[in-house]
Amino acid sequence: MKDKESTYRTLAAQVKALCAGEDYPVSVMANVAAAIYEATGAWWAGFYVWRGDALRLGPFQGPVACTRIEAGRGVCGTAYAKRQTIVVPDVEQFPGHIACSSRSRSEIVVPIFDNDGSVKAVLDLDSDRLAAFDDTDARHLEHIAALIAPHI
Ligand code: SME
């Protein structure tokens with residue numbers, strides 16, 4: 001990605017348009033995963049949705065992934081449990097990282113909040129490059145998470 005700020009500005013506008021009038025969560029998550037994947041060049045981009053006892057694999061783009069992640073496990077379960085964005089510059093240095101693809105080198109996971117403040121899903125991006133994600137990605141992906149939250 002050449003210029004993250006402008007890429008994310010365009011992406012946010014696209015996400016708003018994709019969400020407008022949509023109330024079926026799968027459609028929204030599917031299109032937003034595709035838009036993020038295309039715009040960012042991520043190796044994997046998608047959602048895990050909280051289903052009562054664990055995060056379950058939702059719509060995504062990229063290689064097949066694990067279907068179930070418990071709270072506190074891996075990067076996704078840690079972002080869920082801590083209720084905060086986790087940026088992992090090198091997945092091999094993250095204790096408990098769940099390796100769905102051996103080509104994943106860095107990762108960012110952003111929680112998506114329900115009206116009552118609970119985490120209802122997480123947005124996960126993986127890169128095949130080390131340290132692909134930083135505070136700029138975190139800020140913009142949190143904005144995107146807030147945009148889609150009412151639609152999923
Ligand atoms: N690496 C994640 C698992 C999901 S995949 O990256 C798609 C984790 O540690 O939670």
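The values are calculated or read from the model by the stated rules, or taken from the named source; none is laboratory data. Since the model is a prediction, treat every value here as computed from it, not as a measurement. Note that we place each Cβ from the backbone using ideal geometry, even for glycine, and neighbour counts take in every protein chain shown. We work out accessible area using only protein heavy atoms, side chains counted, and drop any ligands, DNA or RNA first. Shrake-Rupley method; radii C 1.70, N 1.55, O 1.52, S 1.80 Å.
Each row is one residue, and each column tells you yes or no for (1) among the acidic types (Asp, Glu); (2) closer than 18 Å to residue 137 by Cα; (3) near the ligand (Cβ under 7 Å from one of its atoms); (4) in a helix (DSSP H, G or I).
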| position | (1), (2), (3), (4) |
| --- | --- |
| 79 | no, yes, no, yes |
| 104 | no, yes, yes, no |
| 107 | yes, yes, yes, no |
| 110 | no, yes, no, no |
| 116 | yes, no, no, no |
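Inspect the range 60-69 for any residue being under 24 Å from residue 130 (Cα atoms), touching a Pro at 6+ places or on another chain (Cβ under 8 Å) and open to solvent by 20 Å² or more (accessible area, probe 1.4 Å) and give the result as yes or no. No, the range 60-69 contains no residue that is under 24 Å from residue 130 (Cα atoms), touching a Pro at 6+ places or on another chain (Cβ under 8 Å) and open to solvent by 20 Å² or more (accessible area, probe 1.4 Å).
Can you name every residue in the range 43-59 that is open to solvent by 10 Å² or more (accessible area, probe 1.4 Å) and closer than 25 Å to residue 24 by Cα? Matches in the range 43-59: 44, 49, 50, 51, 52, 53, 56, 57, 58, 59.
Taking the criterion of being touching a residue at least 24 places away in the same chain (Cβ under 8 Å) and open to solvent by 60 Å² or more (accessible area, probe 1.4 Å), the only residue of the range 70-80 that qualifies is 73. If you check 53, 23 for being away from the ligand (no atom under 12 Å from the Cβ), at pLDDT below 95 and assigned to a loop (DSSP other than H, G, I, E, B), only one passes: 23. Restricting to the range 81-94, and then to whatever is assigned to a helix (DSSP H, G or I) and of a type outside the set (Lys, Arg), can you tell me which residue is most open to solvent (accessible area, probe 1.4 Å)? It comes out as 92.
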